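> Just dropping this structure here.
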Amino acid sequence: MYDQILLPVDEQTGAAEVLHHAGEIAHRFDAEIRLLHVADTDEYSVTLTDQGVVDGLVQRGEELVADAGETFETLGVEYSTDVVQGSPAATIVEYATEFDYDLIVMPTHGREGLSHFLLGSVTEKVVRLSDVPVLTARMIEGDTFAFPYERILLPTDSSDTSRRAAEHGLDLAAAVDATVHVLSVIETAALGPDIQSSMTTGDFDQGAREAVSDVATMAEKRGVDATTHVETGSPDEEILTAIDEFDCGAVVMGTTGRRGVDRILLGSVAEKTVRSAPVPVVTVGSDHDE
């Protein structure tokens with residue numbers, strides 16, 4: 001399923017748990033990992049004509065990928081390295097597309113806020129822009145990630161992007177023999193009291209139940225055990241609750257979704273989930289070729 005994995009490396013990646021997690025995934029799928037550092041030529045208004053400064057950035061990048069590579073050597077993971085120049089987020093997205101990577105793995109950087117983990121801007125932009133699936137995992141001391149996953153959460157809203165994400169999640173579940181929990185959240189509060197009062201519970205439920213039913217049918221065809229759930233509330237909060245309640249080891253979700261009664265996967269919901277989920281989150285964007 002994953003033959004080539006791209007793992008961007010920067011000053012904060014270090015010996016993060018995400019490196020070990022990526023190594024476990026590579027072992028499972030006999031994949032090669034490319035450690036990529038993008039020397040940020042936009043940093044401090046650095047220009048490509050100032051070769052001394054750029055060479056220093058590249059040299060530091062080579063040190064970073066070499067350090068990360070030592071972790072993979074101890075794990076027996078096949079890997080290669082590359083250092084390129086450019087604007088980090090855009091370059092990572094273009095690189096993954098150009099060289100046909102199956103997965104991008106990135107740690108989330110930031111600090112602990114009042115109720116969630118704040119994303120670094122590079123990771124956030126890659127999640128928003130990438131057509132290649134992106135696995136993000138937060139870097140909080142003490143966090144460990146189990147692989148292969150035993151249970152995977154699939155939020156859905158029946159939009160094209162969420163369906164594409166569900167297919168990816170189900171393929172992953174089949175590959176690692178995981179069960180899935182399919183979740184659709186009815187965000188009634190966003191509709192306002194006037195609209196809510198004019199609609200019945202059945203009106204609210206119909207789209208959500210159809211969405212989870214469609215994914216359950218897809219799961220059955222793949223031989224994957226699926227349990228469906230329809231909840232009412234705040235989508236990102238219900239996703240976090242489901243992770244905990246069903247002991248899910250990962251989330252696979254789309255980055256955009258339908259605007260309407262059965263909406264869930266608006267970009268903000270995916271971003272909030274990536275920021276706050278205590279487990280790896282695989283985000284799947286729209287396929288612009290479709």
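> In this structure, is residue 202 modelled with pLDDT under 85, on the phi > 0 side of the Ramachandran plot and open to solvent by 10 Å² or more (accessible area, probe 1.4 Å)?
no
> Follow-up. Scanning the stretch 234-283 for residues that are modelled with pLDDT of 95 or more and touching a Lys or Arg at 6+ places or on another chain (Cβ under 7 Å), which turns out surrounded by the most Cβ atoms within 10 Å (Cβ to Cβ)?
If we take residues in the stretch 234-283 being modelled with pLDDT of 95 or more and touching a Lys or Arg at 6+ places or on another chain (Cβ under 7 Å), then 248 is surrounded by the most Cβ atoms within 10 Å (Cβ to Cβ).
> Which of the residues spanning the stretch 131-151 are under 13 Å from the mean Cα position of the chain (by Cα) and not in a loop (DSSP other than H, G, I, E, B)?
Hits for the stretch 131-151 are 134, 135, 136, 137, 138.
> Could you grab me the full set of residues in the stretch 159-186 that are over 15 Å from the mean Cα position of the chain (by Cα), at pLDDT below 95 and surrounded by 24 or more Cβ atoms within 10 Å (Cβ to Cβ)?
Across the stretch 159-186, the qualifying residues are 185, 186.
> Contact list please: Cβ distance under 7 Å, first residue in the stretch 223-246 and closer than 20 Å to residue 207 by Cβ and in contact (Cβ under 8 Å) with a residue 24 or more places away in the chain, second residue open to solvent by 70 Å² or more (accessible area, probe 1.4 Å) and part of a helix (DSSP H, G or I), pairs at least six apart or on different chains.
From residues that are closer than 20 Å to residue 207 by Cβ and in contact (Cβ under 8 Å) with a residue 24 or more places away in the chain, the pairs are 230/209; 236/272.
> Pairs under 8 Å by beta carbon, first residue more than 18 Å from residue 249 (Cβ to Cβ) in the stretch 268-279, partner small (Gly, Ala, Ser) and open to solvent by less than 20 Å² (accessible area, probe 1.4 Å), six or more apart or different chains?
270/254
The values are calculated or read from the model by the stated rules, or taken from the named source; none is laboratory data. Note that the structure is a prediction, hence the values are computed from the model and not measured. Every residue, glycine as well, gets a Cβ built from its backbone with ideal geometry; the counts of neighbours run over all protein chains shown. The protein model used for the area step is the full one, side chains on, heavy atoms only, and it has no ligands, DNA or RNA in it. Shrake-Rupley method; radii C 1.70, N 1.55, O 1.52, S 1.80 Å.
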